[in-house]
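The values are calculated or read from the model by the stated rules, or taken from the named source; none is laboratory data. Just so it is clear, the structure is predicted and the values come from calculations on it, not from any experiment. Cβ sites come from the backbone with ideal geometry, for glycine too, and all protein chains shown count toward neighbours. With ligands, DNA and RNA removed, areas are computed over all heavy atoms of the protein, side chains included. Shrake-Rupley method; radii C 1.70, N 1.55, O 1.52, S 1.80 Å.
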Amino acid sequence: MTAKSEFTITPGSEQVRFTVERDGFLDTFGKMGGVVLANACGPCIGQWARHGAEKQEKNSIITSFNRNFAKRADGNPNTHAFVASPEIVTALAIAGDLTFNPLTDSLTNADGNAVKLDEPTGLELPTKGFAVEDAGYQAPAEDGSKASVVVDPNSDRLQLLDSFKPWEGTDLKGLKLLIKAKGKCTTDHISMAGPWLKYRGHLDNISNNMLIGAVNYFNDSTNRVKNQLSGEYGEVPATQRIYKQHGIGSIVVGDENYGEGSSREHAAMEPRFLGVRAILVKSFARIHETNLKKQGMLALTFANPSDYELIQEDDTIDIIGLTSFAPGKPLQVVLNHKDGSSDTISVNHTYNEGQIEWFKAGSALNLIKAAIVK
């Protein structure tokens, strides 16, 4: 039987690819019309060619990769991605029909006979063990002090990183509300994958996707927030860049489990790079919360989740208590509303003493660098 749908296979590593080729599986995939992709992130992060996606047509992907966020696969909002087991993915690719049930339905083979797929069986580990000729590992220089990294300053895909500035030593006052995100806000909403991944080595360029997938609480739209300086609405990254140009910090407010999904470091680096100082949410996905801490940002949660409702679109926000920032000690947030009124709320954090030093240094890397220089 040959696959009636496009059928792609992505080995998880060169060792896996070499082993399955040695044991004949790649040849089997090839005979049934499968295409073996490079052993890289690929479809998991939307980085493979899906020709015609720009037409925005409705279509479906059945994948055994663990990601099915909207627009992740190819940037097409009309692509529906369903997660299934490798066995079901293979069966549906052979059938070319989403309604095919391998338990009950038959297929017609090349001889015109109706056949049913056997129940799948497999081996837990290769019987001959894993093998590889070239794992692709390149050892670093023994003396890194003499190595230099040269990047074309005109490149739009690579950019050397600059250290983030350390904390000023004061409370943070006059922060503008950038966006109050409503509902699910994954790392893919914060830093979209797909076509954006070509810029993952260029922090400035990839930051143009910051929070463009988050739903604005005040207008139920994505990538449309109010610029408090002009009163006009614009894209989230562009609005934040204007705040940054004026030396104004900002704050992002979110809902439950903010930052769920892949542990995408750019989802923490981009807000930090563009001048967002704090993320205040009802609750965090654990890994994203840690990533924010590593970048020297404030990851805060409402002591009273209902205080989320107090956040207004034109709020200017102060974060009080940072001069005595300590583990287990709540901070205060003052919401200064446009009508002259204000609300003071208590917010919690999970910073330990070491993580507080990350914040003070501007990032975990800054602290590590300082220790090495000493």
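None of Leu125, Leu161 is open to solvent by 100 Å² or more (accessible area, probe 1.4 Å), under 30 Å from Gln245 (Cα atoms) and not in a helix (DSSP H, G or I) except Leu161. Screening Ala139 with (1) at pLDDT below 95; (2) touching a Gly at 6+ places or on another chain (Cβ under 6 Å) gives one miss only, at (2). Please tell me if Asp188 is of a type in the set (Asp, Glu), touching a Gly at 6+ places or on another chain (Cβ under 7 Å) and open to solvent by 20 Å² or more (accessible area, probe 1.4 Å). No; evaluated as a whole, the condition is false for this residue. Kindly check whether there is at least one residue in region 349-366 that is open to solvent by less than 40 Å² (accessible area, probe 1.4 Å) and closer than 30 Å to Asn219 by Cβ. Checked against the condition, which is being open to solvent by less than 40 Å² (accessible area, probe 1.4 Å) and closer than 30 Å to Asn219 by Cβ, region 349-366 yields at least one hit.
Evaluated against (1) under 31 Å from the mean Cα position of the chain (by Cα); (2) farther than 30 Å from Val333 by Cα; (3) open to solvent by 100 Å² or more (accessible area, probe 1.4 Å), Glu142 falls short on exactly one condition, (1). Consider Asp27 carefully, then state whether it is touching a Pro at 6+ places or on another chain (Cβ under 9 Å), among the acidic types (Asp, Glu) and either open to solvent by 60 Å² or more (accessible area, probe 1.4 Å) or over 24 Å from Pro102 (Cβ atoms) (or both). So Asp27 fails the test.
Every residue, every condition in (1) modelled with pLDDT under 95; (2) open to solvent by 50 Å² or more (accessible area, probe 1.4 Å), yes or no:
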| position | (1), (2) |
| --- | --- |
| Phe65 | yes, yes |
| Asn76 | yes, no |
| Ile88 | no, yes |
| Ala110 | yes, yes |
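Figure legend. Inter-residue proximity from region 5-19: first residues charged (D, E, K, R), second residues open to solvent by 40 Å² or more (accessible area, probe 1.4 Å) and outside any helix (DSSP H, G or I), beta-carbon distance below 6 Å, spacing 6+ or different chains. Indicated pairs: Glu14/Asn39; Glu14/Val132; Glu14/Ala135; Glu14/Gly136; Arg17/Asn39. The criterion of being at pLDDT below 95 and surrounded by fewer than 17 Cβ atoms within 10 Å (Cβ to Cβ) holds for Ser263.
As a summary of the residue check, Gly354 satisfies the conditions (1) touching a residue at least 12 places away in the same chain (Cβ under 8 Å); (2) under 26 Å from the mean Cα position of the chain (by Cα); (3) part of a helix (DSSP H, G or I) except for the one numbered (1). Residue pairs whose Cβ atoms lie under 6 Å apart, sitting 6 or more positions apart in sequence or on different chains, and linking a residue in region 278-301 that is touching a residue at least 60 places away in the same chain (Cβ under 8 Å) and closer than 19 Å to Gly249 by Cα to a partner that is part of a helix (DSSP H, G or I) and among the small types (Gly, Ala, Ser), are Lys294/Ala364; Gln295/Ala268.
Residues in region 210-258 that are within 17 Å of Phe69 (Cα to Cα), crowded, with 23+ Cβ neighbours inside 10 Å and out of contact with any His (no Cβ under 8 Å at 6 or more places or on another chain): Met210 only.
Regarding Ser342, is this residue over 19 Å from Asp255 (Cα atoms) and open to solvent by 50 Å² or more (accessible area, probe 1.4 Å)? Judged against the criteria, Ser342 is a match. Filtering region 30-56 to residues that are over 25 Å from Ala131 (Cβ atoms) and loosely packed, with under 15 Cβ neighbours inside 10 Å leaves Ala49, His51, Gly52, Glu54, Lys55, Gln56.
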